């Protein structure tokens with residue numbers, strides 16, 4: 001199949017697509033702000049939050065990939081999934097284990113199920129850095145993950161439409 005000289009790119013409107021958000025409760029002061037940013041993004045891009053976006057809460061970042069895999073193997077079809085969490089470095093190697101397994105699990109689910117799964121899990125050294133990325137001076141990574149989910153869902157639909 002010939003490839004266009006112009007790169008295919010997804011749009012930034014939800015166009016009636018279905019999205020799931022998996023958000024961890026650990027560091028909830030941060031994750032609530034990430035969730036708010038994601039929901040505002042979806043709504044501003046045309047989503048009806050009551051029917052187009054489902055939210056699933058789990059205890060922590062380690063559980064996020066488990067929930068994503070369960071969702072994508074279920075009967076409800078999602079066009080993309082957004083993952084939100086906050087892992088803040090402590091004094092033990094626990095941080096590295098959680099971050100590694102969370103990111104690997106999210107990517108594995110995306111590749112296995114063929115559905116975009118966006119990584120909006122903060123991995124920061126301090127609480128202050130997390131807050132800066134949850135609506136502070138660095139922006140809101142929940143908003144960024146939601147916008148990327150919209151674009152990826154649209155890109156996947158375009159690729160499918162063109163038999164890629």
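Read-outs: derived from the displayed coordinates by stated rules, not from any lab. Since the structure is predicted, the reported quantities are computational estimates derived from the model, not experimental observations. Here the Cβ is made from the backbone with ideal geometry for all residues, glycine too, and neighbour counts use every protein chain on show.
Among 10, 16, which is the only one that is surrounded by 19 or more Cβ atoms within 10 Å (Cβ to Cβ) and out of contact with any strand residue (DSSP E or B) (no Cβ under 7 Å at 6 or more places or on another chain)?
10
Counting only residues that are out of contact with any helix residue (DSSP H, G or I) (no Cβ under 8 Å at 6 or more places or on another chain) and surrounded by 14 or more Cβ atoms within 10 Å (Cβ to Cβ), which one in region 111-132 is nearest to residue 144 (Cα to Cα)?
Out of the qualifying residues, it is 132.
Among the residues of region 113-149, count how many are within 19 Å of residue 33 (Cα to Cα) and in a helix (DSSP H, G or I).
Residues flagged as within 19 Å of residue 33 (Cα to Cα) and in a helix (DSSP H, G or I) within region 113-149 amount to 15.
For region 145-164, give me each residue that is out of contact with any strand residue (DSSP E or B) (no Cβ under 7 Å at 6 or more places or on another chain) and surrounded by fewer than 22 Cβ atoms within 10 Å (Cβ to Cβ).
147, 151, 155, 156, 157, 158, 159, 160, 161, 162, 163, 164
Suppose we keep only residues that are touching a residue at least 60 places away in the same chain (Cβ under 8 Å) and touching a strand residue (DSSP E or B) at 6+ places or on another chain (Cβ under 8 Å) within region 40-73. Which one would you say is farthest from residue 87 (Cα to Cα)?
Per the criteria, the residue is 42.
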